[in-house]
1. Going by the structure shown, is residue 191 modelled with pLDDT of 95 or more, touching a helix residue (DSSP H, G or I) at 6+ places or on another chain (Cβ under 7 Å) and assigned to a helix (DSSP H, G or I)?
2. Can you name the residue in region 19-28 that is assigned to a helix (DSSP H, G or I) and touching a residue at least 60 places away in the same chain (Cβ under 8 Å) and, of all such residues, is surrounded by the most Cβ atoms within 10 Å (Cβ to Cβ)?
3. Taking the criterion of being part of a helix (DSSP H, G or I), farther than 17 Å from residue 137 by Cα and free of Cβ contacts under 8 Å to residues at least 12 places away in the same chain, would at least one residue in region 83-99 satisfy it?
4. Being surrounded by fewer than 12 Cβ atoms within 10 Å (Cβ to Cβ) and under 20 Å from residue 9 (Cα atoms) is the filter here; which residues of region 177-195 pass it?
5. Select from region 151-175 the residues that are at pLDDT below 90, closer than 23 Å to residue 13 by Cβ and either within 18 Å of the chain's Cα centre (by Cα) or not in a loop (DSSP other than H, G, I, E, B) (or both) and list them in ascending order.
């Protein structure tokens, strides 16, 4: 059974369709990112968060792809990929809550690097920015904060992914947790026309 990409956040769904149209591994990596982000807490150490991260780690480690969540990760069965995926989950699990800003940033940067390594493992060219991943995380969690990690990608440059640039720009301008897909697509088209 193939991965249901309609469960992905619309920016990730577009990236998957444009850059990796038939790549189930990338779809699974994006789904894993969504699972980890959905189960993260900014403000406190929540045992449920830790249990869910441990559960997904153990399921992948033991090749248990028998439920609605883990069936999306069957492609991780390959031993080399599995090793990298498990390291990604471990790295994400080490991210403290935002009370420890230095620890948060340090571990989030490590997560971003491992994530990019995984999505480019087969010669891909997408480099997801730290700013986009952080904004995606706070957007999905609807977490209000003035904090943004120090990041060379905070100011858009020509090497940055256009799908991510547009989302970052809208979020920074609007500062809302309700960016509709149609509004995003309109801004994306306008940005493409200007290029």
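The values are calculated or read from the model by the stated rules, or taken from the named source; none is laboratory data. Predicted model only: the values in this text are computed from it and were never measured. Using ideal geometry, Cβ is built from the backbone for each residue, glycine included, and neighbour counts are taken over all protein chains shown.
1. No; evaluated as a whole, the condition is false for this residue.
2. Top of the filtered list is 26.
3. yes
4. If the condition is that a residue be surrounded by fewer than 12 Cβ atoms within 10 Å (Cβ to Cβ) and under 20 Å from residue 9 (Cα atoms), then 178, 180, 182, 189 are the ones that fit.
5. Residues satisfying the conditions are 153, 160, 172, 173, 174.
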